[in-house]
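J.: Once you've had a glance at the structure underneath, I'll fire off some questions.
The values are calculated or read from the model by the stated rules, or taken from the named source; none is laboratory data. Predicted, not measured: the structure shown is a model, and the values here were computed from it. Glycine also receives a Cβ, built like all others from the backbone with ideal geometry; neighbour counts cover every protein chain displayed. Note: areas computed on protein heavy atoms with side chains; ligands, DNA, RNA excluded. Shrake-Rupley method; radii C 1.70, N 1.55, O 1.52, S 1.80 Å.
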Amino acid sequence: MKNIKIAVDGFSSCGKSTLAKQLAAHFGFVFIDSGAMYRAVTLFAIENNIISEDDVVDINKLKKEIKNIKITFQTIDGKNHTFLNGKDVETEIRQIRVSKRVSIIATLDFVREEMVNLQRNLSEENSVIMDGRDIGTVVFPNAELKLFVTATPEVRAQRRYDELKAKGEDVNFDEIKANLINRDRIDSTREIAPLKQADDAVVLDNSNMTREQQFDFAVKLIEKILA
Ligand code: CDP
């Protein structure tokens, strides 16, 4: 069987990763979380004083450091973990202090270039399902299937709130909602690789769908490709 690529793009906290992980497990594909990479670079920038409290980025310093930022993934107890220079940062990269700054870091051309290279390298020899913002438009323009996932801001904020709360994080619903609306705005209007639906993408509005329903919807589409 030839290796296939499936792109899952869409707005912040719309359940892309959940869907992509379920599909990867079901079909035996490799799951790649491209957002985790931008989050890891952002955490690096925070920890190394490359981005200030008021979100000013030291571009020259980040440019110098970017080649020293090693992002890898490992599956631990069936869960995907992101490593930054050898350290497990899976929990830290989901914290609001990272969410608040990641879209700023993700506008930078040299950061995107590195991340897209890494995304393509990790995908070379496997069937891959990758979630992000520009997977169907930039990373894999020839993907066999492109899904564009969306849901209302209220539903998305509630899902992210529940997710962080379940992890024991101290979270505020309004802050989360404001953050995802702000990220959507930055992601959709940036110059390089903005978040937009690819012409040949299938839209999946899951506002009123359960996880099982959206999974079944996508499974049918993938089965058609594999048939
Ligand atoms: O999980 P959530 O949808 O909240 O976000 P994510 O997928 O972890 O992505 C975090 C941020 O990384 C996004 O808001 C974008 O700014 C950036 N990103 C990107 O620019 N391109 C991608 N392919 C993936 C993420």
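J.: Take R112 and decide whether it is under 14 Å from the mean Cα position of the chain (by Cα), assigned to a helix (DSSP H, G or I) and of a type in the set (D, E, K, R).
T.: yes
J.: Regarding F44, is this residue within 16 Å of the ligand (Cβ to nearest atom) and either open to solvent by 40 Å² or more (accessible area, probe 1.4 Å) or under 19 Å from the mean Cα position of the chain (by Cα) (or both)?
T.: Yes.
J.: Which of the residues spanning the stretch 126-163 are in a helix (DSSP H, G or I), over 13 Å from I32 (Cβ atoms), open to solvent by less than 10 Å² (accessible area, probe 1.4 Å) and among the hydrophobic types (A, V, I, L, M, F, W, C)?
T.: Listed by number, the list holds a single entry, A157.
J.: Are any of the residues in the stretch 53-73 more than 15 Å from the ligand (Cβ to nearest atom) and closer than 30 Å to Q214 by Cα?
T.: Looking for residues that are more than 15 Å from the ligand (Cβ to nearest atom) and closer than 30 Å to Q214 by Cα, one finds at least one in the stretch 53-73, hence yes.
J.: Within 16 Å of the ligand (Cβ to nearest atom) and either under 25 Å from I6 (Cα atoms) or free of Cβ contacts under 8 Å to residues at least 40 places away in the same chain (or both): is that true of V102 in this structure?
T.: yes
J.: Tally time: how many residues in the stretch 164-177 are over 18 Å from S207 (Cα atoms), surrounded by fewer than 16 Cβ atoms within 10 Å (Cβ to Cβ) and among the hydrophobic types (A, V, I, L, M, F, W, C)?
T.: Total satisfying the criteria: 1.
J.: Are any residues in the stretch 118-129 without any contact (Cβ under 8 Å) to a residue 24 or more places away in the chain and either within 26 Å of N172 (Cβ to Cβ) or away from the ligand (no atom under 13 Å from the Cβ) (or both), and if so, which ones?
T.: Result: N121, E124.
J.: Then there is this: Go over the candidates S103, S123, S34 one by one and state the one that is under 19 Å from the mean Cα position of the chain (by Cα), crowded, with 21+ Cβ neighbours inside 10 Å, polar (S, T, N, Q) and within 27 Å of L226 (Cα to Cα).
T.: Answer to the check: S34.
J.: Scan the strands (runs of 3 or more DSSP E) fully inside the stretch 1-104 and keep the ones with 3 or more residues being in contact with a strand residue (DSSP E or B) (Cβ under 6 Å, 6 or more places away or on another chain) and closer than 25 Å to K146 by Cβ.
T.: Answer list for the stretch 1-104: 5-10, 30-33.
J.: Could you list, in sequence order, all residues of the stretch 189-215 that are within 10 Å of the ligand (Cβ to nearest atom) and either open to solvent by 40 Å² or more (accessible area, probe 1.4 Å) or farther than 28 Å from E144 by Cβ (or both)?
T.: Correct list: I192 only.
J.: Please state which of the following conditions V138 fails to meet, knowing it meets all the rest: (1) within 11 Å of the ligand (Cβ to nearest atom); (2) at pLDDT below 95.
T.: So the condition that V138 fails would be (2).
J.: Read through the list (1) buried (at least 17 other Cβ atoms within 10 Å of the Cβ); (2) in contact (Cβ under 8 Å) with a residue 60 or more places away in the chain; (3) within 12 Å of the ligand (Cβ to nearest atom); (4) closer than 25 Å to K177 by Cβ, then give the number of the only condition that R112 fails.
T.: Among (1) buried (at least 17 other Cβ atoms within 10 Å of the Cβ); (2) in contact (Cβ under 8 Å) with a residue 60 or more places away in the chain; (3) within 12 Å of the ligand (Cβ to nearest atom); (4) closer than 25 Å to K177 by Cβ, the lone unmet condition for R112 is (4).
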